[in-house]
Amino acid sequence: MAKFELKLPKMGESVAEATITSWLKEIGDTIEADEAVLEIATDKVDSEVPSEVDGILVEKLFNVDDVVQVGQTIAVIEVEGEGTIEIKGQEEQPVVEAEVPKEAADVTKTVVAAKETTAAVISSEDRFYSPLVKNIAKAEGVSQSELDAIPGTGKDGRVTKNDIKTYLQSRGETTISEPKITEVSATPLSSNSSEVKESGPLKPIEKSKTTSVIASGDDEIIEMSRMGKLISKYMVDSVQTSAHVQSFIEADVTDIWNWRNKHKDNFKKREGENLTFTPIFMEAVARALRDFPLMNISVQGDSIIKKKHINLGMAAALPDGNLIVPVIKDADQLNLFGMAKKVNDLANRARLGQLNPDDIQGGTYTVTNVGTFGSIMGTPIINQPQVGILALGAIRKMPAVIETPEGDFIGIRYKMIMSHSYDHRVVNGALGGQFVKAVKEYLEAWDSNREI
């Protein structure tokens with residue numbers, strides 16, 4: 001019998017540890033693949049950790065209320081099979097092929113030792129592969145890029161044993177194209193650029209030394225929460241990584257203001273939910289990202305990763321004052337009704353602490369509403385590894401010049417300032433400005449007769 005190490009999986013870009021809240025299985029219990037073994041809690045979400053294999057639980061390495069780091073082994077499961085499964089130490093790193101993004105090296109699953117010369121395939125934050133699938137891939141010489149391209153029919157899109165066997169059967173007949181990564185350009189990117197060229201390495205700015213602060217006897221010392229510490233580090237890292245630049249633009253949202261006032265009561269009665277401005281703004285941002293796909297990218301070393309899906313992060317305030325960013329997946333595929341339902345669902349579950357790990361992963365662009373707190377504009381920090389974030393200011397009544405065929409006159413309009421922060425390493429002023437201008441134009445072209 002061989003043994004398999006169950007490790008704490010990666011649960012989000014800023015989640016480094018979790019607390020064990022309960023064990024659902026005891027030593028000696030039989031476990032099936034994908035069956036929950038224990039429950040954990042982070043500062044953001046509560047979740048279950050499923051087994052990746054069939055077997056028997058033979059060892060628990062942590063107790064309830066213990067804090068476990070991402071990637072640490074939390075249990076040992078005895079599994080059937082010939083040979084020996086090599087249990088790697090925490091300091092060891094898996095072999096990563098050249099085309100695999102660096103962040104995928106944060107592997108949280110045990111790799112079975114093999115004598116084949118093919119480089120070991122790995123799981124990443126986007127795709128998990130069971131030890132059985134990894135064994136088959138190595139035995140058959142399936143590369144990382146091939147495995148990443150196989151459609152998964154298992155839970156959460158996982159590649160199952162049948163998926164990889166089906167692929168192997170048709171391997172000689174069809175070819176799965178390998179994912180391509182566009183290279184970074186040394187020159188500014190135009191808004192309609194379809195490709196970019198090679199440049200020198202993009203390195204983050206070196207961290208500056210912190211200044212010591214001495215508290216007097218009258219000062220109150222407040223310990224930062226675990227989530228607060230994570231957010232603090234994440235914000236500093238983002239500023240040191242990306243060259244932040246801002247563009248500001250004012251949008252006239254009078255038609256949207258009047259349209260919402262007209263429909264919000266009926267929407268509340270019909271759906272039992274509030275109709276806010278957020279889904280309207282999200283729809284405009286998703287359309288603008290479709291027009292300017294080079295805003296929907298990430299930087300990986302010397303390369304640009306152009307994202308296929310438009311997944312909008314929606315910054316939401318928590319009761320303790322911290323922020324969390326649930327993600328609206330494939331936002332450009334939703335109509336306004338679907339967007340409103342999704343926004344309300346994520347916002348409500350965020351406030352209640354009921355978000356799942358998948359709810360906060362995979363964002364490609366983020367929107368934050370600083371107007372909720374009365375701010376008319378802001379300069380938000382980019383949510384890495386994205387390259388842009390849009391801050392929506394408060395909607396205010398403003399005197400404005402109104403142009404008509406009969407002449408200009410002064411009138412009262414509802415206006416909002418939008419602040420666009422973007423990464424000047426790969427997004428120049430033209431692209432950054434044109435993108436936020438497109439959002440403005442979509443908002444100002446709102447159809448007052450639109451139904452929901």
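Odds and ends about this structure:
- E59 being over 25 Å from the mean Cα position of the chain (by Cα) and under 17 Å from L8 (Cβ atoms): yes
- Entirely in the range 360-448, the strands (runs of 3 or more DSSP E) that have 3 or more residues that are surrounded by fewer than 20 Cβ atoms within 10 Å (Cβ to Cβ): 396-404, 407-423
- The range 203-236 - residue that is of a type in the set (A, V, I, L, M, F, W, C) and not in a helix (DSSP H, G or I) and, of those, modelled with the lowest pLDDT: I205
- Scope the range 320-359; condition in a helix (DSSP H, G or I), of a type in the set (A, V, I, L, M, F, W, C) and over 25 Å from L294 (Cβ atoms); matching residues: L336, F337, A340, V343, L346, A347, A350
- Test result for E32, within 30 Å of the chain's Cα centre (by Cα), outside the structural domain of D358 (by TED's automatic domain parsing) and more than 25 Å from K134 (Cβ to Cβ): no
- Any hit, the range 365-373, residues being over 28 Å from D237 (Cβ atoms) and in the same structural domain as I305 (by TED's automatic domain parsing): no
- Test: residue in the range 32-50 that is modelled with pLDDT of 90 or more, in contact with a strand residue (DSSP E or B) (Cβ under 6 Å, 6 or more places away or on another chain) and either in a loop (DSSP other than H, G, I, E, B) or of a type in the set (A, V, I, L, M) (or both): yes
- Evaluation of I382 against (1) in contact with a helix residue (DSSP H, G or I) (Cβ under 6 Å, 6 or more places away or on another chain); (2) among the β-branched types (V, I, T); (3) within 17 Å of D330 (Cα to Cα) (one fails), failing number: (3)
- Where K342 falls short, out of the listed (1) buried (at least 16 other Cβ atoms within 10 Å of the Cβ); (2) over 22 Å from E271 (Cβ atoms): (2)
Conditions tested, residue by residue: (1) at pLDDT 80 or above; (2) of a type outside the set (D, E, K, R); (3) within 22 Å of M11 (Cα to Cα).
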| residue | (1), (2), (3) |
| --- | --- |
| T117 | no, yes, no |
| S130 | no, yes, yes |
| G141 | yes, yes, no |
| D156 | no, no, yes |
| T166 | yes, yes, no |
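- Residue match in the range 303-313 (condition: in a helix (DSSP H, G or I), hydroxyl-bearing (S, T, Y) and either assigned by TED's automatic domain parsing to the domain that holds R396 or modelled with pLDDT of 95 or more (or both)): no
- Odd one out for Q333 among (1) surrounded by fewer than 20 Cβ atoms within 10 Å (Cβ to Cβ); (2) more than 20 Å from the chain's Cα centre (by Cα); (3) under 28 Å from K415 (Cα atoms): (2)
- First in the range 259-285 and basic (K, R), second anywhere and part of a helix (DSSP H, G or I), Cβ under 8 Å, 6 or more apart: R260/I280
- Pairs meeting the criteria (first residue in the range 343-357 and under 24 Å from F277 (Cβ atoms) and not assigned by TED's automatic domain parsing to the domain that holds I40, second residue among the aliphatic types (A, V, I, L, M) and assigned to a loop (DSSP other than H, G, I, E, B), beta carbons under 6 Å, at least 6 apart or on different chains) are R349/L355; L355/V45.
The values are calculated or read from the model by the stated rules, or taken from the named source; none is laboratory data. Everything numeric here is computed off the predicted structure, so don't read it as measured data. Note that each Cβ is placed from the backbone with ideal geometry, even for glycine, and that neighbours are counted across all protein chains shown.
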